[in-house]
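**Q** Shown below is the structure under consideration.
The values are calculated or read from the model by the stated rules, or taken from the named source; none is laboratory data. None of the values given here were measured: they were computed from a predicted structure. Note that each Cβ is placed from the backbone with ideal geometry, even for glycine, and that neighbours are counted across all protein chains shown. Quick note on the areas: whole protein, heavy atoms, side chains included, nothing else; ligands and nucleic acids left out. Shrake-Rupley method; radii C 1.70, N 1.55, O 1.52, S 1.80 Å.
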Amino acid sequence: MLLNLARSRALMAERGLDALVAASPEDVIYASDFTSWTVDTFRDVAVYAVVPRAGDPALVCAIDGADYLAGRPAAVARHYTYGTYHIERAPDAVLDDAAARLLAIRDGSSHHGSATAALVRALRDCGAAGGAIGVDERGLPPGRWDELAAALPGAVLRPASDLFRAIRLVKTAAEVTRLADAARAVEEGMRAAFRRAAPGATELDLERAFRATVAAAGAAPGHFETTAGTRSAASFPASDYRIRAGDIVRADCGGRYRGYWADTGRTVAVGAPPTRLARYYAALAAGIDAILAAVRPGVAVDTLFATGVETVRAAGIPHYRRHHVGHGIGLDMYEAPLLAPSADDGARRFGVAAPRLEAGMVVNVELPYYELGLGGLQIEETLVVRDDGYELLTGASRDLLAYAPAGEAVADGE
């Protein structure tokens, strides 16, 4: 189960809440493990997951979402559906397993005329309709809050998007598994792109290799900020620029696996790189190593920031500057904690205080460098904070990679 139910209920108790209502696609996935293409495509289509202080969580979705419930069952057993979507059944047909599950869900769910009516029923069934309800306002279109308040006159509605972020700070084992799968797929795509990084290849060639490989690994390709030569100093869209001997190729790329993000980066040299960039790269690698050596539960995020920046400056880039050296990652690509100069920076951005690392957090650590007219460099790792330090979810070498025709040196980081 993705949802940390014990943590959810502990934080709900602190705020005096009787139930939580997830409304954004990310929080619905977290609370119920339900998603469908319609939720991501039509952001005004209502879908909710209810997490009560007592009793079982519930899912509210449009009746056409039953197809996805049948094909990939959610982690909640109580289903409330709404709306109209007609499906016929052939007379005397013998249904396969998926069709039988679909029919059982359509016939067995508590069905209502509207999403609001279905949500009210779900809250009443768990005894929370007249209590204090935390609502994930980030997922509500304009007017939906007032509609819910009018339908629940005995309840007190409180904004709770920040509470969901606080709950999601510490990842469950199921979440870490998905994050690891996402990281693996995106690294495979990045390595495939690097294998194409020969003189004469274009940035677009690399992007096509990345996207095809990530998709073949079962993930959805995301950003591909990968540029070559002096263009690597910025995150331009991929172009028809042709790679030359001596170019640096800087990759910052990502994607999602079943809702969970990967965000990683490395740098490859196509032939001998500019001497100054090679020296700068060694300084960045020293900074990453220093941050990783300091990772443990309880360490302050501003300490990690200072460790990274000061190490890079001392190791060869005295003018090095960054606004952050890492961020949490999960159902959102950027989550708390933010490894910034002050813990207040992360609180302002995410609405939740996370001044220190906790065991179970998943964090990206990154120290890129950009210099217009020279080029850019990227090292970005993803790790899980463990009781005794950390566990890397990314696996590529942190050395400045070298292009080889066979691709093995780039592909495996050896």
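**Q** Pick out, in residue order, every one of the trypsin sites (Lys or Arg not before Pro) in region 1-81 that is DSSP loop and has at most 13 other C-beta atoms within 10 Å; say none if there are none. Show your work: numbers first, answer last.
**A** On the way: sites: Arg7, Arg9, Arg15, Arg43, Arg53, Arg78; in loops: Arg43, Arg53.
Sparse-neighbourhood loop trypsin sites (Lys or Arg not before Pro): Arg43.
**Q** Just the accessible area for Thr84, please: 1.4 Å probe, Å², rounded to the nearest 10?
**A** Thr84 exposes around 110 Å² with every protein chain in place.
**Q** For helix 275-294, what angle does its Cα long axis make with the longest principal axis of the chain, in degrees from 0 to 90 and rounded to 10?
**A** It works out to around 40 degrees.
**Q** If one takes the longest principal axis of the Cα atoms in the chain, at what angle in degrees, from 0 to 90 and to the nearest 10, does the Cα axis of helix 301-315 lie?
**A** 20 degrees
**Q** Another one. When Lys and Arg each count +1 and Asp and Glu each count -1, what net charge do the other residues less than 13 Å away from Trp145, Cβ to Cβ, add up to? Don't jump to the answer; show the numbers that get you there.
**A** Numbers: positive: Arg138, Arg144, Arg158; negative: Asp136, Glu137, Asp146, Glu147.
With Lys, Arg at +1 and Asp, Glu at -1, the net is -1.
**Q** For Rg/Rh (Cα atoms, Kirkwood Rh), the listed values are (1) 1.04; (2) 0.98; (3) 1.01; which was obtained by calculation from the structure presented?
**A** Checked against the structure: label (1).
**Q** Suppose each label sits 7 Å from its Cα in the direction of the beta carbon; what would the Asp44-Arg321 distance come out to in nanometres?
**A** Distance between the two pseudo-spin positions: 4.4 nm.
**Q** Now a separate question. Which FRET efficiency value, to the nearest 0.05, is calculated for Glu310 and Ala173 with the Förster distance at 41 angstrom and r the Cβ-Cβ distance?
**A** Details: r = 35 Å, r/R0 = 0.85.
Once the sixth-power term is evaluated, E becomes 0.75.
**Q** For region 107-229, what does the relative contact order come out to in percent, with C-alpha contacts under 8 Å and a separation of six or more? Mind showing how you got there, number by number?
**A** Details: 100 pairs, mean separation 20.9, N = 123.
Relative CO of region 107-229 lands at 17 percent.
**Q** Could I ask something else about it? Charges only on Cβ, +1 for Lys and Arg, -1 for Asp and Glu: so what's the dipole of the chain about the Cα centre, in debye to the nearest 20? Before the final figure, lay out the partial values.
**A** On the way: 43 positive and 52 negative charges, 106 e Å.
Value, rounded to 20: 500 debye.
**Q** Averaging sequence separations of C-alpha pairs under 8 Å and six or more residues apart, then dividing by the length of the chain, give the relative contact order as a whole percent. Can you show the working numbers first?
**A** Details: 942 pairs, mean separation 56.6, N = 414.
It comes to 14 percent, rounded to a whole number.
**Q** Given the -39500 (n - 2.57) contribution per DSSP H run of 4+ residues, what per-residue ellipticity at 222 nm results for the chain, rounded to the nearest 500 deg cm²/dmol?
**A** The per-residue figure over the chain is -11500 deg cm²/dmol.
**Q** Something else about it: Within region 245-261, whose backbone N sits under 19 Å from a point 7 Å along Cα→Cβ of Ala234?
**A** Residues 248-253 fall inside that zone.
**Q** Quick one: helix 173-195 against the long Cα principal axis of the chain, what's the angle to the nearest 10°, folded into 0 to 90?
**A** 40 degrees
**Q** Moving on to the next point. For Arg386, list long-range residues whose amide hydrogen, built 1.01 Å from N in the peptide plane, is under 5 Å from its own amide hydrogen.
**A** Gly360, Glu391
**Q** Right, something else. Once you put a point 7 Å from the Cα of Arg244 and another 7 Å from the Cα of Ser114, both along the Cβ direction, what distance in nm separates them?
**A** My value for the distance between the label points is 6.4 nm.
**Q** Once the piece of chain linking Val299 and Ala54 is laid out straight, how much longer is it, given 0.36 nm per residue of separation minus the C-alpha distance between them? Walk me through the intermediate numbers first.
**A** Working: separation 245, 0.36 × 245 = 88.20 nm, distance 3.42 nm.
Extending this stretch completely gives an extra 84.8 nm.
**Q** Hey, can you rank 25-38, 338-351 by average C-beta count inside 10 Å, highest first? Display every interim value, and only then the final one.
**A** Details: 25-38: 22.9, 338-351: 19.0.
The packing order, highest mean first, is 25-38, 338-351.
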